[in-house]
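Have a look at the structure below before the remarks.
The values are calculated or read from the model by the stated rules, or taken from the named source; none is laboratory data. Note that the coordinates shown come from a computational prediction; the quantities given were computed from them, not determined experimentally. No Cβ is skipped: glycine too gets one built from the backbone with ideal geometry, and neighbour counts run over all protein chains shown. Calculation scope for accessible area: heavy atoms of the full protein, side chains included, ligands and nucleic acids excluded. Shrake-Rupley method; radii C 1.70, N 1.55, O 1.52, S 1.80 Å.
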Amino acid sequence: QVQLVESGGGLVQAGGSLRLSCAASGIIFSINAMDWYRQAPGKQRELVAAITGGGRTNYADSVKGRFSISRDNPKNTVYLQMNSLKPEDTAVYYCAVEPGGHIYWGQGTQVTVSS
């Protein structure tokens with residue numbers, strides 16, 4: 001079955017950086033677009049960044065110029081490099097994939113940015 005395992009979250013001061021990783025299994029990784037979402041307390045889950053199998057990327061306006069999504073197909077892993085972090089980036093970050101129209105989620109990793 002499809003499994004997504006995120007890692008790399010933590011507590012960081014404003015202006016700092018973190019890199020999230022998501023290891024995928026149970027899918028043909030190289031052909032699937034991969035997404036990073038986040039959900040802050042009391043807010044809806046929102047799409048942060050996406051990358052196609054061919055490496056084309058898309059970002060939410062709130063993170064453009066600060067976050068970078070990338071993938072390593074031989075390692076079945078997608079990354080989210082987060083720079084210049086702000087307190088409003090505090091959320092649980094989720095990796096997601098949607099093969100065949102069904103979306104699968106990882107367990108999430110907490111990112112907390114202190115001011």
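Figures for the structure shown
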{"quantity": "Between the range 1-65 and the range 89-115, the alpha-carbon center distance in angstrom", "calculated": "6 Å"}
{"quantity": "List Trp105, Trp36, ordered by accessible area with a 1.4 Å probe, largest first", "calculated": "Trp105, Trp36"}
{"quantity": "Radius of gyration and maximum dimension Dmax of the range 15-115, Cα, Å", "calculated": "13.1, 41"}
{"quantity": "Within the range 51-82, trypsin sites (Lys or Arg not before Pro) in DSSP loop having at most 15 other beta-carbon neighbours inside 10 Å", "calculated": "Arg56, Lys64, Arg66"}
{"quantity": "Estimated dipole of the range 65-115 in Debye, rounded to 20 [Cβ of Lys and Arg +1, of Asp and Glu -1, Cα centre]", "calculated": "120 debye"}
{"quantity": "Debye intensity ratio I(q)/I(0), log10, the range 44-98, q values 0.15, 0.21, 0.26, 0.27 Å⁻¹ (C-alpha model)", "calculated": "-0.44, -0.85, -1.23, -1.31"}
{"quantity": "Rh (Kirkwood; distinct C-alpha pairs) - the range 1-58, Å", "calculated": "13.3 Å"}
{"quantity": "Relative contact order %, the chain, counting alpha carbon pairs below 8 Å whose residues are six or more apart", "calculated": "36 percent"}
{"quantity": "Solvent-accessible surface ranking, highest first, for Thr52, Thr109 at 1.4 angstrom", "calculated": "Thr52, Thr109"}
{"quantity": "Share of carbon and sulfur in the accessible heavy-atom surface of the chain [1.4 Å probe, %]", "calculated": "47 percent"}
